């Protein structure tokens with residue numbers, strides 16, 4: 001659809017900062033609770049036509065479609081990070097906080113194949129982690145992936 005309409009699609013690949021501490025300190029049930037809370041907060045941030053998914057572990061993919069302004073993508077990354085600025089109340093009573101390191105790849109300017117979009121967003125996410133987390137990085141700042149044969 002994006003190809004036909006000329007719209008942009010953004011893949012935001014996120015890894016939760018501080019999630020391991022939640023599991024280590026409060027157990028895996030608390031970790032599951034945090035994952036559900038993050039998913040709910042992020043679902044509330046995006047449009048109904050967008051997608052929030054958890055491919056595994058503490059990683060999330062957010063797909064934003066039908067975009068016409070690249071600036072809206074950075075705005076959404078900030079919104080997702082800000083959604084985690086408040087403590088998460090755990091069922092056992094304590095509170096915890098996690099952050100998010102986000103990598104962003106845009107169709108069609110960065111890549112046109114789904115696997116490449118995801119891979120490049122994942123690489124950009126690791127740059128965000130290296131910066132200390134709780135930030136976002138566009139894959140265009142990272143450079144193109146190595147050629148495969």
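The values are calculated or read from the model by the stated rules, or taken from the named source; none is laboratory data. In this text, all values refer to a predicted model and were calculated from it rather than measured experimentally. Because the Cβ atoms are built from the backbone with ideal geometry, glycine has one as well, and the counts that use them run over all protein chains shown.
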Any chance residue 99 is modelled with pLDDT of 95 or more and at positive phi
no
When the range 19-38 is examined, which residues are found to be within 16 Å of residue 81 (Cα to Cα) and in contact with a strand residue (DSSP E or B) (Cβ under 6 Å, 6 or more places away or on another chain)?
34, 37
Pull up the range 86-103, narrow it to residues that are without any contact (Cβ under 8 Å) to a residue 12 or more places away in the chain and either touching a helix residue (DSSP H, G or I) at 6+ places or on another chain (Cβ under 6 Å) or part of a loop (DSSP other than H, G, I, E, B) (or both), then point me to the one that is nearest to residue 4 (Cα to Cα).
86
Picking from 102, 88, the residue that is within 18 Å of residue 122 (Cα to Cα) and surrounded by 12 or more Cβ atoms within 10 Å (Cβ to Cβ) would be 102
Qualifying positions in the range 35-53 - surrounded by fewer than 15 Cβ atoms within 10 Å (Cβ to Cβ) and in a strand (DSSP E or B)
51, 53
